[in-house]
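Following: one structure in C-alpha cells, then a few remarks.
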Amino acid sequence: MGLMVVELVVSLLKDGTPLACVSDIVTSVSAGIISRMPTLFARGFEITTYIYVWDNLRLLELPWDSAWAWWLAFLAVDFSYYWVHRFAHEFNLLWAAHQVHHSSEYYNLSTALRQSLTQQFSSWVFYLPMALAVPPSVFAVHIQFNLLYQFWIHTEVDVAHSTTQSQVIRDMGPLEWVLNTPSHHRVHHGRNEYCIDKNYGGALIIWDRLFGTFAPEGDKVVYGLVHKINTFEILHIQFHYYKYLWRRFNRYKNIFNKLGVLWKGPSWKPGKPRLGDHAEVPEVTGEELPYNPSWPLALKVYVCIHGLMLLGVYQDLFESRLILSQVTVLMMTGYILLSLTSIGFIIDQRPTASMLELLRCVLMMMLLRYGYMMAPAPLVVPIEAFVSISLLYWGLQTLSQLIAVKKKTT
C-alpha cells in the first residue's frame, strides 16, 4: 500500500496526473482481498499437494542448503509459472479465472493486486513435477518470490508521454533480454492486436524469447479486456466470464464444439484456429479512455475511509484466524464479502446501493458493539460516531428511495 502511494505521488509530480482513479484502485484492492479468502479455510493447494508428492513420490532430494539447488529451483518455478500463465490465456476455462487480473483499464501497482479467487485451484498442477526433487521449503520461498517480483513491474512510471502520444522508454539495458520488466509486462496487459497472448514470463523473459511469445513494446498500449465490462462490482468481475462460458457452451449442439468452448482459446469459434483469429480483435486507436464514470467527491472519501477500515478487519481476521471459531471466521468472511460488494455498488451508483450499504452499516455497528471488530482505543469513539453517521445517511437515502417508488406506483 505504501508503494502504491509513492507511485501515485511520483506520477503526479512527473505528469501532473495520477496513474489511476479511486474506483479502479479500490476495485483492485478488493480483488486482492477476495483472492486470499480461501486460505482462511484451507491450506494453499500449491503447498499442500506439493508436500504430498514430495513425501510419497520424490525421486531424489536436492540439498536444501546448496546454492545451486536454490538457483535451480528459481529457474524451475519461473519456467512452471510461464506455462501456468500461458495456459491461463490459451484455455478458455482457465481464462475465466485469469481475466480478472486483466480487467483493469489502468496499469499501476494496484493492478498487481487484482487477482482471481478461482485461479489458485488450477495453477498448483503445473508445479508438481518439481516435488520429485526440490524440497518444499525451497519451493515455498521461490513461489512467493516469483509472485512478489511481479508486483513492481505493474507500473508506468518509467514511461514519458509526449504530446504526440509517442512513448520514450527508459529501458534497463541488457537486463531487458533476461528479466521481465515493466515495459515487457505492459505489452502483456495490452488489448492492442500486437499485445494479445504475448510476454507470459514471471521474473524472467527468456521463456517467451525461447518459445516465440515475446513482443517488444511498440504502439501506445491500451489496457484492459478486449471486450470491456464497465463495472466495478467485484463479484461480477470475478464470476461474469463463467456465466458467459455457460451460455456459449449451451449454444452449440456438437459435443466437440462444446468442449472447444472450454479447452480452446477465448476467441475461438468453429472453423477458426485453436486460439481464434486475432484479426477479429476490436481495433485499438490509442485514443480510448478508461471507463471512469463521475461520482461525488464526498462518496469517494467515504469509500476510501470505509475501505481502510475494512483492510483493518481483513488484517485482524488473518492474524487471529487460528484462535477464532469456524462460525466466527465464516461470519467475518461474509461481512467482508458483503462490504466489498456494497462498495462496488456505490461506485457503480446502482439503485440498490443505499439499501445494501444500510444493511452493511447495521452489521458493522453490531460487530463493533459485540467485540467482533476491534479498533485502537483512541479510535473507538470516532469510528463508532462515523459508522452512526453513515447509518443515518444511508437510512435517509433508503427512505427517500422507498417514498419515490411509492409515489410512482400510486
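Across the accessible surface of the chain, with the other protein chains kept in place and a 1.4 Å probe, carbon and sulfur atoms take up 68 percent. Loop-only trypsin sites (Lys or Arg not before Pro) in the stretch 302-373, please: DSSP not H, G, I, E or B, and at most 16 other Cβ atoms within 10 Å. When the trypsin sites (Lys or Arg not before Pro) of the stretch 302-373 are filtered for loop state and at most 16 Cβ neighbours within 10 Å, ARG321 remain. When the trypsin sites (Lys or Arg not before Pro) in the stretch 179-252 are filtered for DSSP coil states and for at most 15 other beta-carbon atoms within 10 Å of their beta-carbon, the remaining sites are LYS228. Computed 3J(HN,Hα) for the stretch 128-142, one whole-Hz value per residue from the Karplus formula 6.51 cos²θ - 1.76 cosθ + 1.60 where θ = phi - 60°, is 4, x, 5, 5, 6, 8, 8, x, x, 5, 5, 4, 4, 5, 6, glycine and proline marked x.
Spacing of the modelled spin labels on LEU402 and TRP152, each 7 Å from Cα toward Cβ, amounts to 5.4 nm. Just checking the listed ones, GLY371, GLY307, GLY276: in the Gaussian network model of the chain with Cα springs under 10 Å, the one fluctuating most is GLY371. Ignoring lysines fewer than eight residues from LYS269 along the same chain, the ones with Cα atoms less than 20 angstrom from its Cα are LYS228, LYS243, LYS253, LYS258. Remark on LEU204: its backbone amide H falls under 5 Å from those of ASN180, a criterion applied only to residues 5 or more positions apart or on other chains, H modelled at 1.01 Å from N. Only Cα pairs under 8 Å and 6+ residues apart enter the sum, and on that basis the relative contact order of the stretch 290-410 stands at 22 percent. Taking GluC sites (Glu not before Pro) as exposed when DSSP calls them loop and at most 11 other C-beta atoms lie within 10 angstrom, the chain has its longest site-free stretch at 1-282.
How far, in degrees from 0 to 90, does helix 380-409 lean away from the longest principal axis of the Cα atoms of the chain, to the nearest 10? The two axes meet at around 80 degrees. Ordering ILE206, MET331, ALA76 by Cα displacement along the dipole of the chain toward the positive end leaves MET331 in first place; charges were set at the Cβ atoms of Lys, Arg (+1) and Asp, Glu (-1).
Backbone geometry of the stretch 242-253 corresponds, through the Karplus equation with coefficients 6.51, -1.76 and 1.60 at θ = phi - 60°, to 3J(HN,Hα) couplings of 5, 5, 4, 4, 5, 5, 5, 4, 6, 6, 9, 9 Hz, x marking Gly and Pro. At a probe radius of 1.4 angstrom, the accessible area of the stretch 82-234 per residue rounds to 37 square angstrom.
In this simple spin-label approximation, LEU175 and SER320 carry label points 7 Å from Cα along the Cα→Cβ vector, and these lie 4.2 nm apart.
Using C-alpha pairs below 8 Å separated by at least 6 residues, the relative contact order for the chain is 17 percent. Taking each DSSP H run with n ≥ 4 as -39500 (n - 2.57) and averaging over every residue of the chain yields -18500 deg cm²/dmol at 222 nm.
Of the labelled options [x] 23.4; [y] 20.1; [z] 25.9, which one gives mean projected area of the Cα convex hull in nm² as computed for this structure? So the calculated entry is the one marked [z]. Overall, the chain carries a charge dipole of about 1700 debye about its Cα centre when +1 sits on the Cβ of Lys and Arg and -1 on the Cβ of Asp and Glu, all other atoms neutral.
For the stretch 29-103, the list of chymotrypsin sites (Phe, Trp or Tyr not before Pro) that fall in a loop by DSSP and count at most 11 other C-beta atoms within 10 angstrom reads PHE41.
Per-residue packing, averaged as other Cβ atoms within 10 Å, sorts the ranges 337-343, 252-258, 299-305 into the order 337-343, 299-305, 252-258, beginning with the highest.
With the largest listed first and rounded to whole Å, the semi-axes of the equivalent ellipsoid of the stretch 1-125 from the Cα gyration tensor are 33, 19, 14.
In the chain, a dipole from Cβ-located charges (positive for Lys and Arg, negative for Asp and Glu) runs towards its positive end, and of MET1, ALA42, ALA140 it is ALA42 whose Cα lies farthest in that direction.
The values are calculated or read from the model by the stated rules, or taken from the named source; none is laboratory data. Quick caveat, the model's predicted, so the values are computed rather than measured. In this analysis, Cβ positions are derived from the backbone assuming ideal geometry, glycine residues included, and neighbour counts consider all displayed protein chains. Just so you know, the surface numbers come from the protein's heavy atoms only, side chains and all, with ligands and any DNA or RNA stripped out. Shrake-Rupley method; radii C 1.70, N 1.55, O 1.52, S 1.80 Å.
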